[in-house]
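These notes are about the structure you will find just below.
The values are calculated or read from the model by the stated rules, or taken from the named source; none is laboratory data. Every value quoted in this text rests on a predicted model; they were computed, and no experiment measured them. Here the Cβ is made from the backbone with ideal geometry for all residues, glycine too, and neighbour counts use every protein chain on show. Surface accessibility is based on the protein's heavy atoms, side chains included, excluding ligands, DNA and RNA. Shrake-Rupley method; radii C 1.70, N 1.55, O 1.52, S 1.80 Å.
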Amino acid sequence: GAQGQVYMTIHPGQTGQVQVEFQSALRTCSAVLEDDSATLETGKFVEVVRTIGETLIVRELSLKEIASE
């Protein structure tokens, strides 16, 4: 459920990077999109859905979800 931003664009079926805060530190981690047919550009907001090893599975957050935080 951690939230963050795309640091390096995530292309369909490929790994990109996101920055998320957990354990009181901002970390840059490898990530793939839950929807493996989408592209997510640098700067977009994401939420971590789950992890596989060291790779985060993320989904894009909508503006409504960000505003309600």
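Before anything else, pin down the relative contact order of the chain: Cα pairs under 8 Å, at least 6 apart, normalised by residue count, whole percent. Reported relative contact order: 31 percent. Each of Ile57 and Thr39 was given a label point 7 Å from its Cα along the Cα-to-Cβ line. The distance between the two points is 2.4 nm. Accessible area per residue for the chain, computed on protein heavy atoms with a 1.4 Å probe, is 65 Å².
For the chain, the Kirkwood radius over C-alpha pairs fed into Stokes-Einstein at 25 °C and 0.890 mPa s yields D = 209 µm² per second. Here the accessible area is traced with a 1.4 Å probe on the protein chains. For the chain, carbon and sulfur cover 47 percent of it. Its DSSP H runs of at least 4 residues, each contributing -39,500 (n - 2.57), put the calculated 222 nm mean residue ellipticity of the chain at -1500 deg cm²/dmol, to the nearest 500. Taking amide H positions as modeled 1.01 Å from N, with prolines and chain starts lacking one, the residues under 5 Å from Arg27 and 5 or more places away or on another chain are Val20, Glu21, Phe22.
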